[in-house]
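The values are calculated or read from the model by the stated rules, or taken from the named source; none is laboratory data. All of these numbers come straight from a predicted model, not from anything done at the bench. Note: ideal-geometry Cβ built from the backbone for every residue, glycine included; neighbour counts use all protein chains shown. The area values use the complete protein model at the heavy-atom level, side chains included, leaving out ligands, DNA and RNA. Shrake-Rupley method; radii C 1.70, N 1.55, O 1.52, S 1.80 Å.
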Amino acid sequence: MLTLGSDTVCIFLARTGRINDPELLAAYRSVLSPEEIRKVDRYRFEKDRKLSLVARALLRYLLSEYTGRDPASFAFVTNAYGKPALAPGQPVPDLRFNLSHSSGAVACGLALGRDIGVDVESPDRKIDTGISDRFFSPHEAGQVSSCPESERHRRFFDIWTLKEAYIKARGKGLSIPLDSFSFDLDRPEISIRFHGEPGSDEAEDSDSSGWRFFRWRPDAGLTLAACVQSRGDIMFRAFDCVPFQALGPGSG
């Protein structure tokens, strides 16, 4: 059984392209709830069904590894904004998690007693980086537009994944305006600044000293960011993972 310290956050990355064994995929389905299976099967394309299946199996596998319980035994609830959590009343530690998937990659972050958010994206994904003028803070939009064109997509997704990880950690979705906070990527340590008006929810609920951030580029095709609630030092550990099979070294 794995253990997780209160000052450690673990990030796991699974690639669907590396998971092709029919017996393994069948094992994934066997631990899902009937409702989860229905959600997996709603996807029209096989690649999307597989991505959803691996994401749900990865979460159950990791929760099992950290608690010693049957992976099929976990029940989940979601808040008003759709953020999932373990349902109350289960005899397990206060494990908090967040999932993200994109372009054949699934990321899962786990923390003990701390709110956490993760986001994984492919910088090769086609997108008009000019939308940063609409959705990012002016400072961040300037960071994107001032980059050489060859680096603009990567800088855009460096900021985008951090912003997504933060709002997912808060559990309030896009009710938090993306331009109400900023990241400065030109400093040694990633930090967040808030621009909420006095008296706004963002100004009252947030404190820049209460969050820690992590970026990981597992390869040239992916950018991953994580955010965790903490005022102290946090150790981030990252692993490659095949659910129900193996954990591999990533980055610490």
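Table for the structure above
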read-out: Solvent-accessible surface (1.4 angstrom probe) belonging to Arg49, in square angstrom, nearest 10; value: 70
read-out: Segments 60-69, 19-28 sorted - mean Cβ within 10 Å per residue, highest first; value: 60-69, 19-28
read-out: Of all accessible heavy-atom area on the chain, the percent that carbon and sulfur account for (1.4 Å); value: 49
read-out: Cα gyration tensor category, rounded, prolate or oblate, for segment 44-134 with a/c compared to 1.5; value: prolate
read-out: Summed side-chain charge close to Leu4 - residues other than Leu4 whose Cβ falls under 14 Å, Lys, Arg +1, Asp, Glu -1; value: 0
read-out: Three-way shape label, segment 63-109, alpha-carbon gyration tensor, a/c 1.5; value: oblate
read-out: Solvent-accessible area of Phe135 with every protein chain in place, 1.4 Å probe, in Å² to the nearest 10; value: 80
read-out: For Asn98, distant residues with modelled amide H under 5 Å away; value: Gly109
read-out: Separation of the Asp128 and Gln90 label points, Cα + 7 Å toward Cβ, nm; value: 4.3
read-out: Residue-level accessible surface for Lys168, protein heavy atoms, 1.4 Å, Å²; value: 50
read-out: Relative contact order %, the chain, counting alpha carbon pairs below 8 Å whose residues are six or more apart; value: 22
read-out: Student exercise, the chain dipole from Lys, Arg, Asp, Glu Cβ charges, in Debye to nearest 20; value: 760
read-out: Whole-number accessible area per residue in Å² for the chain, which is evaluated in the context of all protein chains at 1.4 Å; value: 49
read-out: Whole-number percent relative contact order across segment 89-219, with pairs defined as alpha carbons under 8 Å at least 6 apart; value: 18
read-out: Which of Ile37, Val54, Val120, positive extreme of dipole for the chain (C-beta unit charges); value: Ile37
read-out: Using distinct alpha-carbon pairs, which all enter the 1/r mean, Kirkwood radius of the chain in Å; value: 18.9
